[in-house]
Amino acid sequence: MKIYHIAYEPEFKSRDIHLWTDCNLGCQACYTHYEKLDFGLLDDPVTKMKTKPKESPPTRFLSLAEVMALLEDIDIERVIFMGTEPALDPELPALAEALHRKFNCYNIMLTNGLKLIDLEHIDEVIFSIKALSENLHLDYTGKSNKTILRNFATISVLGKKLQAETVLIPAYIDAYEVECVARFISGIDSSIPLRIDAYFPVGDNPWRAATAGEV
């Protein structure tokens, strides 16, 4: 199992479970290589990321038994699987099932959507669509988005609760591109919500931060 970090949000009785895998996308603005801790534990992480060098990958991972032991005495209503790409951990479905059975919790998976997994014990999928234009997606991630868009439609047909998210990067993945993503989503199901995140500078990328007004 590729779990290296777990954070708890008492107000929401939520566990954020971070997994580290060799991600199947190479997103230029990915922050996970610069900060491995949950952002909820950091003071002003956005400012911190502007000058932060890359970190080494984690070297210590938790087994399924260790994870369940850590959660033993905590009131949990919601679990969020996140990280580089949680769907690439082959043990994730077993963990989701174990958490369902023990805590009857609501399981959410954040994913780039390039790989589909057994979603029986995943209650909601938050699906990151980087760009609708294939050429732009190739430039930003190094991969085509054809499989990703097809998988998004597949999950919708399965009846799973589904959200989408994208990142507004000024003068790159801009307002027009975000609107294209929104139109794609509404063409599948107009009730699926889309969250637009503001890009913040990370690494050697040339783009400036998106303002609240632009978002």
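The values are calculated or read from the model by the stated rules, or taken from the named source; none is laboratory data. This one's a predicted model, so the numbers in the text were calculated from it and none came from an experiment. Neighbour counts are summed over all protein chains in view; Cβ atoms, including those assigned to glycine, are modelled from backbone coordinates with ideal geometry.
Quick look at the numbers
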quantity: Subset of the range 41-61 (residues that are assigned to a loop (DSSP other than H, G, I, E, B), under 22 Å from Glu9 (Cα atoms) and not aliphatic (A, V, I, L, M)); calculated: Asp43, Asp44, Phe61
quantity: When residues of the range 147-171 are limited to those that are assigned to a strand (DSSP E or B) and not acidic (Asp, Glu), the one surrounded by the fewest Cβ atoms within 10 Å (Cβ to Cβ); calculated: Lys161
quantity: Residue within the range 43-52 that is surrounded by 17 or more Cβ atoms within 10 Å (Cβ to Cβ), touching a residue at least 60 places away in the same chain (Cβ under 8 Å), within 27 Å of Tyr199 (Cβ to Cβ) and not hydroxyl-bearing (Ser, Thr, Tyr) present; calculated: yes
quantity: Selected residue (criterion: nearest to Pro53 (Cα to Cα)) from residues of the range 173-215 that are of a type outside the set (A, V, I, L, M, F, W, C) and outside any loop (DSSP other than H, G, I, E, B); calculated: Asp197
quantity: Set Ser128, Ser144, Ser186: member being at pLDDT 95 or above, out of contact with any helix residue (DSSP H, G or I) (no Cβ under 7 Å at 6 or more places or on another chain), surrounded by fewer than 18 Cβ atoms within 10 Å (Cβ to Cβ) and of a type in the set (Gly, Ala, Ser); calculated: Ser186
quantity: Pair list, Cβ under 7 Å, 6 or more apart: the range 76-97 residue farther than 20 Å from Leu37 by Cβ, other residue β-branched (Val, Ile, Thr) and assigned to a helix (DSSP H, G or I); calculated: Leu95/Val67
quantity: Hey, Phe103 of a type in the set (Phe, Trp, Tyr) and closer than 21 Å to Glu11 by Cα or not; calculated: yes
